[in-house]
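Student: Okay, handing you the structure first.
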Amino acid sequence: MGRMRAVLPSTDAFRMLVGALMVVTISRIHQHYGFLKPFRPALVLVGLAALYALANPRMLVSGNLLRLWPTRLMAYMGAAACVSVPFGLSMGGSAAFILDEYSKTLIFGFLVVAAIRHVRDLYTMVWSYVVACAFLAWLSIFVYKMKIAKGDDFARIQTGYSYDSNDLGLVVLIGMVFSIMMLQVGSQKGKLFNLAMLASIGVTIAKTGSRGTLLGLATVVAVLLVLLENVSSAKKLGFVGIVSLGLVFAAPAGYWDQMLTIFAPADDYNLTSTTGRWQVWKRGMTYLGLNPITGIGIDNFGRAEGMYSPMAAARNYDPNLSGIKWSAAHNSFVQALVETGIIGGGIFVALVFGGIYQMFKLRRRMPKHWARGDPEQRFLVSMCSYMPAALIAFAVSGSLVSFAWIDPIYVLAALMSGLYVSVERKLAEEQGSGELAGTEPVPVVLPRQGRGGLAHLPAGAVMPGQGFRTPPRRP
């Protein structure tokens with residue numbers, strides 16, 4: 001049998017259903033086609049995937065998913081959200097949000113985790129996210145309308161169905177990271193697709209007119225230039241050049257003048273206006289004081305603005321004052337902290353920044369020969385470099401949008417969990433194939449003292465929660 005040239009995607013029905021759910025959930029493409037709305041495509045896909053899994057349990061990851069630290073943190077976030085309900089400003093509002101919105105986000109995240117058994121499944125889920133961003137780029141270029149909003153001096157995308165311009169930028173920025181990775185490990189056709197994707201993402205970022213997205217882009221580019229291993233400087237500059245070409249080509253009139261205001265923060269309304277981000281974040285800390293442990297309740301930040309802000313107090317004394325904006329937090333970390341307290345906020349920070357650290361740690365403990373090994377080994381090594389970049393993209397751009405309860409960070413957590421499972425499986429396959437005969441015991445990803453980490457496993461041992469046995473090494 002010839003040497004495998006590229007990682008092959010999983011094509012079984014369950015993985016295809018979950019992949020389609022990824023595309024629908026992230027891209028919101030179904031909202032563009034009104035005739036699909038009565039059919040509830042996301043709900044149908046979840047139902048079909050659940051039915052298929054019940055009929056074919058072997059298609060799921062075996063063992064306890066909560067042994068993986070990213071999955072545990074997802075569960076803890078759900079628990080923190082539920083605990084915040086009875087102690088928040090509006091029990092009914094928070095409970096309704098969990099039932100109608102947040103529960104779907106968590107179910108989707110756990111479904112992605114359950115779908116990743118090995119490298120091919122992980123590859124399929126990453127590809128699904130890239131395809132979702134391709135649809136978003138298509139919608140941004142050809143469908144979403146650009147207009148000048150109040151306070152702006154240039155035209156940009158104002159709304160993209162359930163995303164605004166800053167939201168769009170964050171989602172496609174993560175997609176850009178994975179698209180660059182697919183250029184390294186994909187097939188020839190996949191490389192061509194991803195080259196077009198990078199240019200399209202550059203165009204999309206320009207059309208959003210989002211300063212936060214441009215700041216995130218600059219940060220991610222700098223990170224990738226440092227992190228990428230075994231990639232020539234020419235290729236790195238080529239990736240940057242393709243995105244930049246799309247960005248420069250599509251930048252609307254006045255775009256660069258608006259971007260340059262990043263360097264003049266003293267005049268920025270986000271610092272000077274009572275409705276700007278800085279003042280909103282400061283008020284958020286006062287709302288946290290109402291209940292610092294469990295927070296004011298999930299999805300209650302806007303309610304706090306309308307009930308407890310200085311503007312609300314002033315309006316109580318003077319009803320003739322103008323209405324009060326029930327502002328979002330405009331910062332995912334502030335949102336998680338204020339709405340679910342120190343408990344939920346701490347878990348959220350651990351998920352994002354702990355993920356960055358753990359991916360570097362996992363990379364250091366991988367077998368060194370994987371960096372130049374077969375396509376699956378190189379894909380796993382690449383994931384350990386690109387996942388931190390994707391998390392950094394979220395951390396930077398997510399600091400300017402309210403995304404604590406929305407899908408991208410939970411997708412990243414699910415992919416990290418899938419990466420651990422895939423590394424375990426690949427190491428076991430390699431060990432069982434006799435490739436490492438006569439070497440020291442292979443490091444295998446195992447939970448120790450409640451953490452997902454790498455530990456040495458003697459040949460022939462059974463890995464907890466994996467459902468397969470590592471054969472003894474061949475002599």
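Student: Just to make sure I understand: if all protein chains stay in place, what is the order of Val226, Val240 by accessible area at 1.4 Å, largest first?
Tutor: Sorted descending by solvent-accessible area, the residues read Val226, Val240.
Student: In the chain, carbon and sulfur make up what percent of the accessible area (probe 1.4 Å)?
Tutor: Heavy-atom surface of the chain belonging to carbon and sulfur, 1.4 Å probe: 64 percent.
Student: Report the gain in length on full extension from Met259 to Lys361: 0.36 nm times residue separation, minus Cα-Cα distance, nm rounded to one decimal.
Tutor: Result for the pair: 33.2 nm of gain on full extension.
Student: So what are the ³J(HN,Hα) numbers for the stretch 385-390, from phi and the Karplus equation (6.51, -1.76, 1.60; θ = phi - 60°), rounded to whole Hz, Gly and Pro as x?
Tutor: Couplings: 8, 7, 4, x, 5, 5 Hz.
Student: Using the Karplus curve 6.51 cos²θ - 1.76 cosθ + 1.60 with θ = phi - 60°, what ³J(HN,Hα) values do you get for each residue of the stretch 50-66, in whole Hz, with x for Gly and Pro?
Tutor: Listing the rounded values in order: 5, 5, 5, 5, 5, 7, 9, x, 5, 7, 9, 5, 7, x, 7, 5, 6 Hz.
Student: Could you sort 255-263, 101-109 so that the peptide with the highest average Cβ count within 10 Å comes first and the rest follow in order?
Tutor: 101-109, 255-263
Student: Could you give the accessible area per residue of the chain, probe 1.4 Å, as a whole number in Å²?
Tutor: For the chain, the per-residue accessible area is 43 Å².
Student: Another question, then. Which ³J(HN,Hα) values, rounded to whole Hz and listed in residue order, are derived for the stretch 411-423 from phi using the Karplus coefficients 6.51, -1.76 and 1.60 in 6.51 cos²θ - 1.76 cosθ + 1.60 with θ = phi - 60°, glycine and proline given as x?
Tutor: Listing the rounded values in order: 5, 4, 4, 5, 5, 5, 4, x, 5, 4, 4, 5, 5 Hz.
Student: Right, here's the next one. Find the Rg to Rh ratio for the chain, where Rh is the Kirkwood radius over alpha-carbon pairs and Rg uses the same atoms.
Tutor: That ratio is 0.98, to two decimals.
Student: Turning to a different aspect of this structure: Highest mean first, how do 11-20, 273-282, 35-44 rank when packing is the count of other Cβ atoms within 10 Å averaged over residues?
Tutor: Highest mean packing first, the order is 11-20, 273-282, 35-44.
Student: Please work out the ratio of the alpha-carbon Rg of the stretch 120-215 to 2.2 N^0.38 Å and round it to two decimals.
Tutor: 1.12
Student: Please state the shape class of the stretch 1-141: rounded when a/c is under 1.5, otherwise prolate if a/b exceeds b/c and oblate if not, all from the C-alpha gyration tensor.
Tutor: Oblate, since a/c reaches 1.5 and b/c is not below a/b.
The values are calculated or read from the model by the stated rules, or taken from the named source; none is laboratory data. Everything numeric in this text was worked out from a predicted model, so none of it was measured. In this analysis, Cβ positions are derived from the backbone assuming ideal geometry, glycine residues included, and neighbour counts consider all displayed protein chains. Note: accessible area is taken over every heavy atom of the protein model, side chains too, but ligands, DNA and RNA are not part of it. Shrake-Rupley method; radii C 1.70, N 1.55, O 1.52, S 1.80 Å.
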